[in-house]
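This structure is in structure tokens; I'll ask about it shortly.
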Amino acid sequence: MGKLKTPIWESVKISLSSLRANKLRSILTLIGVIIGVTSIITMVSLISGFNKLVADQLATLGSTTFIVEKFGIILSDDDWFDAMKRKDLTLADYQAIAAGCSECEEVAIQKASNRKVKYGREHFSRVPIVGITPNYMKVVALDDIVDKGQGRVITEFENDHRRQVAILGPELVDKFFPMLDPIGKKVRIGGIDFTVVGVPKKRGSFLGDNQDRFAAIPFSVYQKYFSNKLEPWEGLQFYIKAKDYPSMEKAQDQVRAILRARRHVPYHDKDDFGMYTAETLMDLFKKVTTGISFTLVGIVSISLLVGGIVIMNIMLVSVTERTREVGVRKALGARRRSILLQFLIEAVTLAVAGGTAGILLGVLLAKVISWTTPIPAAIEPWSIIAGLLVSTGVGVFFGVFPAAKAARLDPIEALRYE
């Protein structure tokens, strides 16, 4: 008598029939896998969304721009206390960089503090007021953002002649001028009248920072009215654009050399100022999200482990329930390999069914969070593939033992089993 073989598709059909026949038991069996895969898809989607959001926001700086400031990137309390001891950057530093950096195309200034902004009876308290040189608009692509909104940017003439003009954030415009054209209207910033000349397009929030609530004014006017420093971090920031990407490193080296010489930093001491690029910030953010991802994966793995154990348990029950069936098949000539493959395929089918449900729920949950909160989400195709591979792996790993047990059953003992 020839050896009996069970086609793979037949084993899949048997498994699906078992799922349909015991719906509640199947759901309870797969709930661990479903929760695990759902968590993976949701987590990856939200983190990918955040990464994309950060990349889009930092893209306004461009690949040839870097920032110099007193503090730089603070990663610890020691960094903070060390930065607090540093001298402030000055206008003389700015002028030295602008004159001495041959690889720098633009050197712009930003300085900010919080002030009250008022129009008629409406007002906002503690609005970020940003004093900028006109070329700042080019360095951070704010000229493009304003062009897509209303009005225009601040000009060199207005900065040189201390004209009291302002670019007003969309949130302020929506409250002050809900039915009016804001261009040409006067608002009071810190008790001083300013004429609105531009309104950027809306940009939303970025890492909890509302980018639509601000007012930008000429740096010369800021120095005239708001130069008193309220907080230590309200110092000058230099936004520097290199001639091109290959010139970035040379431009940074030139700026570093100029500032170290002016600030009399000893050769062996580290910089007493911060310097970073959009790429630096993006790398730092990705390191943080990667660390969070690994932590969450560890937690999610517990759900998958529990789900795998439950699948193993239910497959052992299935082997026990179908002992006589296995005995009959072996008596008719079925090989151990066929029995092993049948039960292994059933375990994998169970796990993949749970994984598929988890993927659908994960995508849905990520979309719901994205629609109902400011948290962005981006569905990554590789995460869906990973979800299927993980669920398949769980099925194989935890299905091997029950399948091997079924394959090892003695046909005579199996036929006697009641």
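Starting from the amide H of residue 274, placed 1.01 Å from N in the peptide plane, find each other amide H under 5 Å away whose residue is 5 or more places distant or on another chain.
So residue 274 has HN proximity to 69, 70, 71, 72.
Same structure again: Given labels modelled 7 Å from the Cα in the Cβ direction, how far is it in nm from residue 13 to residue 52?
Between residue 13 and residue 52, the label points sit 4.2 nm apart.
Exceeding 25 Å between C-alpha atoms, which entries from my cross-link table qualify? They are 52/175; 201/250; 116/241; 202/224; 241/270; 52/185.
52/175; 201/250; 116/241; 202/224; 52/185
Oh, and also: Taking neighbour counts of Cβ atoms within 10 Å as a proxy for exposure, in what order, fewest first, do 125, 391, 26 appear?
Least to most surrounded, the residues fall as 125, 26, 391.
How far apart, in nm, are the 7 Å Cα→Cβ label points at residue 368 and residue 193?
5.4
Suppose R0 equals 30 Å; then what is the FRET efficiency for residue 297 and residue 20 from their Cβ-Cβ distance, rounded to the nearest 0.05?
The calculated FRET efficiency here is 0.40.
Rounded to whole Hz and in sequence order, give me ³J(HN,Hα) for segment 76-90 from the Karplus expression 6.51 cos²θ - 1.76 cosθ + 1.60, θ = phi - 60°, writing x for Gly and Pro.
Here the 3J(HN,Hα) series is 7, 4, 4, 4, 5, 5, 5, 5, 5, 7, 6, 6, 5, 6, 10 Hz.
Determine, from the Cβ-Cβ distance of residue 392 and residue 284 and an R0 of 35 Å, the FRET efficiency 1/(1 + (r/R0)^6), rounded to the nearest 0.05.
0.50
Give, in nm to one decimal, the length gained when the segment between residue 404 and residue 243 is fully stretched (0.36 nm per residue of separation minus the Cα-Cα distance).
51.2 nm
Within a 10 angstrom radius of the beta carbon, how do 106, 249 rank from fewest other beta carbons to most?
249, 106
How much length would be gained if the chain were fully extended between residue 250 and residue 262, taking 0.36 nm per residue of separation minus their Cα-Cα distance, in nm to one decimal?
Between residue 250 and residue 262, full extension yields 2.5 nm more.
Values quoted throughout were computed directly from the atomic coordinates according to the rules given, and no laboratory measurement underlies them. Just so you know, these numbers come straight off a predicted model, no measurement behind them. In this analysis, Cβ positions are derived from the backbone assuming ideal geometry, glycine residues included, and neighbour counts consider all displayed protein chains.
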